[in-house]
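The values are calculated or read from the model by the stated rules, or taken from the named source; none is laboratory data. In this text the structure is predicted, and so the values were computed from the model without any measurement. With ideal geometry, Cβ positions are generated from the backbone for all residues, glycine too; neighbour counts draw on all protein chains shown.
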Amino acid sequence: MKIVSAEFLTSACDNTGLPKPAEPQVVFVGRSNVGKSSLINALACRRIARTSRVPGKTRLINVYKLRLAKTGQGLSSIHLLDLPGYGFSRGSRNQTTSFAELTDSYFGQFTVNTKLQTHAVEQHSKANVMLLIDSRHLGLSSDLDALDWLNSQGCRTVVIGTKVDTLSSAQRNRAGKALEESFGTSGLFVSTKTGKGMNELWKTIIAMNTPQP
Ligand SMILES: Nc1nc2c(ncn2[C@@H]2O[C@H](COP(=O)(O)OP(=O)(O)OP(=O)(O)O)[C@@H](O)[C@H]2O)c(=O)[nH]1
Ligand SMILES: [Mg+2]
């Protein structure tokens, strides 16, 4: 994907400043340190999001906007949203509360009642979510709980196995089966270090944001 420009828009602590549900977007969700901010940088082809070896770096909803060269599907720009990681235990009770508030701010904007809506509106009434899980630790209860919760919110969720460069090809094959067994979906494996899976990820993001005929 050719990125014309990439910019940081805002750090949101509530739904002020977030893109409207009808605007093309995808939100990155996952445990602290799983590689959410790194994946946003890899998609942007530049360092716009701050990453760290120390978990808990991202504390607010960081919003980025990418302008895209022609995709063929008419998508000219997209917002990438970086949510704070879950499972970060060093935080105080207040931080846990604010994480719940942040997720509610974002996901609360999307309606799940699709029966009364036209198809075009329905397309944007579900949040597009990339649920990132570490390829080396598949099937953690916190990740399974996250998928259940996202499904209960009516989100359109794709499971992404991160840091696949850390696995041998035999381990990668086993991980594919383990992901499918645990999450009930085939998922996608990516590496920001080698670029593996990035083209497929872009195709998925574009398909999620393209209204079906
Ligand atoms: N080997 C490998 N390491 C990666 C990859 N992606 C990210 N990392 C490393 O994982 C660590 C955490 O990356 P971040 O992108 O900051 O993780 P995050 O999910 O944004 O973390 P929080 O903001 O704390 O929720 C960093 O040390 C990255 O260099 C990858 O594809 N392969
Ligand atoms: Mg981060």
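Name the residues in the stretch 4-29 that are surrounded by 12 or more Cβ atoms within 10 Å (Cβ to Cβ) and in contact with a helix residue (DSSP H, G or I) (Cβ under 6 Å, 6 or more places away or on another chain), would you?
Ala6, Asp14, Asn15, Pro21, Val26, Phe28
Table: residues versus (1) buried (at least 16 other Cβ atoms within 10 Å of the Cβ); (2) of a type in the set (Asp, Glu); (3) within 16 Å of ligand 2 (Cβ to nearest atom).
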site	(1), (2), (3)
Val129	yes, no, yes
Ser135	yes, no, no
Val158	yes, no, no
Ala175	yes, no, no
Glu181	no, yes, no
Gly187	yes, no, no
Ala207	no, no, no
Thr210	no, no, no
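With respect to Ser152, determine if the residue is at pLDDT 90 or above and over 14 Å from Gly184 (Cβ atoms).
The answer is no for Ser152.
Within the stretch 1-75, which strands (runs of 3 or more DSSP E) (wholly inside it) include 2 or more residues that are under 16 Å from Leu132 (Cα atoms) and in contact with a Ser or Thr (Cβ under 9 Å, 6 or more places away or on another chain)?
In the stretch 1-75, 25-30 are the strands (runs of 3 or more DSSP E) which contain 2 or more residues that are under 16 Å from Leu132 (Cα atoms) and in contact with a Ser or Thr (Cβ under 9 Å, 6 or more places away or on another chain).
Collect the residues in the stretch 180-213 that are among the aliphatic types (A, V, I, L, M) and within 16 Å of ligand 1 (Cβ to nearest atom), keeping them in residue-number order.
Of everything in the stretch 180-213, those that are among the aliphatic types (A, V, I, L, M) and within 16 Å of ligand 1 (Cβ to nearest atom) turn out to be Leu188, Val190, Met198, Leu201.
Exactly one of (1) under 14 Å from the mean Cα position of the chain (by Cα); (2) within 13 Å of ligand 1 (Cβ to nearest atom) is unmet by Val26. Its number?
Going through the list (1) under 14 Å from the mean Cα position of the chain (by Cα); (2) within 13 Å of ligand 1 (Cβ to nearest atom), Val26 breaks only (2).
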